[in-house]
1. Using 0.36 nm per residue of separation minus the Cα-Cα distance, give me the extension gain between Arg124 and Leu221 in nm, one decimal.
2. Computed FRET efficiency, Cβ-Cβ of Thr210 and Arg75, R0 35 Å: what is it to the nearest 0.05?
3. Under a Cβ-only charge scheme (Lys and Arg +1, Asp and Glu -1), can you give me the dipole magnitude of segment 19-234 about the Cα centre, in debye to the nearest 20?
4. Give the order of Tyr152, Tyr95 when sorted by the count of other beta carbons within 10 angstrom, beginning with the fewest.
5. Please identify the DSSP H helices in the chain that span no less than 15 Å along the helix axis (Cα) and have a mean Kyte-Doolittle hydropathy of 1.0 or more.
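Since every read-out is calculated from the coordinates, none of them should be taken as a lab result. Remember, predicted model here, so these are calculated numbers, not experimental data. Note that each Cβ is placed from the backbone with ideal geometry, even for glycine, and that neighbours are counted across all protein chains shown.
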Amino acid sequence: MQRARWTRFRVPHAEAPPWKDNLTVVLANADLMLSHAETSVAEDDTFRAAREFSDDLGARAVTPATGALLAFLARLASARAVVEIGTGAGVSGLYLLRGMAQDGVLTTIDTDTEHLRAARRAFREAGVATTRTRLINGRALDVLPRLADGAYDIIFVDANVIDQPSFVAASSRLLRPGGILIVNAALLGGRASDQSQQDPAAVSAREATTMITEDDSLTELIIPLGEGVLCAIRS
Ligand SMILES: C[S@@+](CC[C@H](N)C(=O)[O-])C[C@H]1O[C@@H](n2cnc3c(N)ncnc32)[C@H](O)[C@@H]1O
């Protein structure tokens, strides 16, 4: 069924919406609410160690609240099969595994062997069975075509923003009906919503969002945690 137009996002918000007065009230408290959301997630030693490795290696990990969202969505979807593009040192992978079914398998792809080594170590230190993770060294666009259509509960995109449109194009076919596509840093911390920002990252982030919002098989939602997380469920 064709969805009503008013349910679609405008990308980005160019003018003030008609409910601007409510928005003003919300925005006045936005920093406080975001700060509360981000600092209310407590991480244990395993997460802290993985986060430290991430920082050392320059692999920017998801924020704690973004991580909690990943665990939440993985639990909500009863996820048994998840694909992650951009393993980093394994922080987001730990959150996904935390929410996934006990026998669920995380397939995670990264071009950097050092990052993958750090992630493998983080998973081991968290007591994750080796059968639950499949770490693949390679470029996502080379690996994704080898994965089965409609076989995955969640696809999490968290590599170079500039490649977001091609990752979205290459990965949405992997989702089962009811599966969730999650794009991290979709708003670039707000920069992507500003049309005057014309650098390649901002343009690519907007393009990926537009691809998702224009896909009638996806129902999407932007969640302003971390640098902005775009979630979309396949019908
Ligand atoms: C932001 S970090 C990922 C952080 C990780 N998701 C976390 O939260 O712990 C991005 C990662 O994407 C990897 N990467 C960059 N381009 C890639 C590509 N084309 N295919 C696969 N991985 C890529 C980088 O090596 C880096 O480890």
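1. Working: separation 97, 0.36 × 97 = 34.92 nm, distance 3.34 nm.
Going from the current span to full extension adds 31.6 nm.
2. 0.75
3. With Lys and Arg at +1 and Asp and Glu at -1, about 680 debye.
4. Ranked by crowding around the Cβ, least crowded first: Tyr152, Tyr95.
5. Working: long enough: 45-57 (18 Å, -0.88); 64-76 (18 Å, 1.38); 113-125 (18 Å, -1.30); 200-213 (20 Å, 0.38).
What comes out of the filter, once short or polar helices are dropped, is 64-76.
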